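The values are calculated or read from the model by the stated rules, or taken from the named source; none is laboratory data. Predicted model only: the values in this text are computed from it and were never measured. Heads up, the Cβs are rebuilt from the backbone with ideal geometry, glycines too, and the neighbour counts pull from every protein chain shown.
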Amino acid sequence: MDPDGYDELRTIDQSHGKGAPNWVRFHVLNAKAGGPGNDKGNLTPATGKGNHSTSWTNYETAVKAATAAVGDRPLKTKIKVNYKQSKTIYWKNGGNTTTTNNNNYPNSISAELDSPAYPNKTYSLDSGDDLGKVPQQKNNNGWEAFSAATHSAASKIAPDP
């Protein structure tokens, strides 16, 4: 099961384990806390750096521990995924072309956890975790990004720093 936008990443060779910044299928709620891996609503593309960030690892560790501690009682957690405004990016690799759309890739992801062991804890991912860096840099396999379908030099998108 792939989240929206993941096929586009595969086309431009930036899906899991390929190119930079190594995009993955990000599980919004961890499976051990009841988040299904086969539900598109629980998946979003995110960078490997974001997926393994200290903040999100701390959240997943806390939510797993809190889930185990409450047993069958409800656990209160709130997760918010913010997406970019819709904007088409045009890609070219030799004679091959394709498009991606910014609205498939999150700007930020935040989570709140409220349990006896973790009262009102907040965790977040943002540009420091490579979120908001929609795939737009030249990657290892020759794909280059442009802001216009003409693929002109003037519309070439510079790599993110």
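So here's what we get for this one:
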quantity: Residue within the range 103-122 that is closer than 17 Å to G5 by Cβ and in contact with a Pro (Cβ under 6 Å, 6 or more places away or on another chain) present; calculated: yes
quantity: Residues that are buried (at least 17 other Cβ atoms within 10 Å of the Cβ) and more than 29 Å from T11 (Cα to Cα), drawn from the range 41-66; calculated: S55, Y59, E60, A62, V63, A66
quantity: Residue tally, condition among the basic types (K, R) and touching a strand residue (DSSP E or B) at 6+ places or on another chain (Cβ under 6 Å), over the range 39-80; calculated: 3
quantity: Selection count where residues are under 20 Å from the mean Cα position of the chain (by Cα) and either among the aromatic types (F, W, Y) or modelled with pLDDT of 75 or more (or both), scope the range 114-128; calculated: 5
quantity: Looking only at the range 67-98, and only at residues there that are within 19 Å of the chain's Cα centre (by Cα) and among the β-branched types (V, I, T), the one that is surrounded by the most Cβ atoms within 10 Å (Cβ to Cβ); calculated: I89
quantity: For T122: the one exception among (1) in a strand (DSSP E or B); (2) touching a residue at least 24 places away in the same chain (Cβ under 8 Å); calculated: (2)
quantity: Selection status of K78, out of contact with any Leu (no Cβ under 6 Å at 6 or more places or on another chain) and either modelled with pLDDT under 85 or of a type in the set (A, V, I, L, M) (or both); calculated: no
quantity: Leading residue by the ranking (modelled with the highest pLDDT) among those in the range 54-69 that are among the hydroxyl-bearing types (S, T, Y) and touching a Lys or Arg at 6+ places or on another chain (Cβ under 9 Å); calculated: Y59
quantity: Residues satisfying the stated conditions in the range 10-53, i.e. more than 14 Å from L131 (Cβ to Cβ) and at pLDDT 85 or above; calculated: R25, H27, L29, G35, P36, G37, N38, D39, K40, G41, N42, L43
